[in-house]
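This report refers to the structure that appears directly beneath it.
The values are calculated or read from the model by the stated rules, or taken from the named source; none is laboratory data. What you see is a predicted model; the values in this text were computed from it and never measured. Neighbour counts run over all protein chains shown; Cβ positions are idealised from the backbone, glycine included.
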Amino acid sequence: MATDDFLPPSPWVVRFSELSPKYSPVLDLACGTGRHTKFFLAKGHPVSAVDRNLNSITDIHHELLSKVELDLETDTPWPLPTRYFGTVVVTNYLYRPILNQIVASVARPGLLIYETFAKGNEKYGRPSNPKFLLEPGELLELVRGHLRVVAYEDVTVSRPKLAAIQRICGYLEP
């Protein structure tokens, strides 16, 4: 969950949101404060906001919003086995056992926008545990053979804070 309740949507998510199939369902996985939930609702998408604690989005009320409270790390197996989404958004979250299911949740046509911390972030603060840091090229390997890579970066950013991150946008063609 984000520590700053006032963070705007990630520029990476905003940049590639235009590729999202118009009005298609969006999965905001580990939605935190709901910054991407709000963003996609404003664009007319139905959104399923999933997190282990939805207290941070109690202020969001919208007829296109579905709130799903579950712990992705203990509520196994994958809780959405028959659901597909035009866009799957994941930011600042990594739990490797569900990575393949996340990719498999992308509809045809559909989009995956993923951005989280990478190896090297331990120099800048939390998270520093390797369990929560992507290995070099890990997101590329995740989508290989499943999605067409639109963009990928493994970079250090200075905003909203100094961090090593990896991000990918992948598309599943019709």
Answer residue from segment 10-27, given it is crowded, with 16+ Cβ neighbours inside 10 Å and in contact with a His (Cβ under 8 Å, 6 or more places away or on another chain) and is nearest to L147 (Cα to Cα) among those: S20
field: Qualifying residue in segment 7-19 (condition: over 21 Å from E173 (Cα atoms), assigned to a loop (DSSP other than H, G, I, E, B) and of a type in the set (S, T, N, Q))
entry: yes
- request: Search segment 144-174 for residues being assigned to a loop (DSSP other than H, G, I, E, B) and among the hydrophobic types (A, V, I, L, M, F, W, C), and hand back the single one that is modelled with the lowest pLDDT.
  value: L162
- request: Might you check whether a residue that is within 17 Å of the chain's Cα centre (by Cα), modelled with pLDDT of 95 or more and either crowded, with 20+ Cβ neighbours inside 10 Å or hydrophobic (A, V, I, L, M, F, W, C) (or both) occurs anywhere in segment 68-81?
  value: no
- request: Among residues belonging to segment 122-174 that are within 22 Å of V14 (Cβ to Cβ) and in contact with a Ser or Thr (Cβ under 8 Å, 6 or more places away or on another chain), point out the one that is surrounded by the fewest Cβ atoms within 10 Å (Cβ to Cβ).
  value: L162
message: Name the single residue that is surrounded by the fewest Cβ atoms within 10 Å (Cβ to Cβ) among those in segment 34-56 being in contact with a strand residue (DSSP E or B) (Cβ under 6 Å, 6 or more places away or on another chain) and not small (G, A, S).
response: L54
- request: Considering every residue within segment 108-121, establish whether at least one is at pLDDT 95 or above, small (G, A, S) and surrounded by 21 or more Cβ atoms within 10 Å (Cβ to Cβ).
  value: yes
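Yes/no matrix, rows are residues, columns are (1) free of Cβ contacts under 8 Å to residues at least 24 places away in the same chain; (2) farther than 15 Å from D28 by Cα; (3) part of a strand (DSSP E or B):
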position: I98; (1), (2), (3): no, no, no
position: A107; (1), (2), (3): no, no, yes
position: T116; (1), (2), (3): no, no, yes
position: L142; (1), (2), (3): no, yes, no
message: Regarding segment 26-37, can at least one residue be identified that is out of contact with any Asp or Glu (no Cβ under 7 Å at 6 or more places or on another chain), assigned to a helix (DSSP H, G or I) and more than 11 Å from T87 (Cα to Cα)?
response: yes
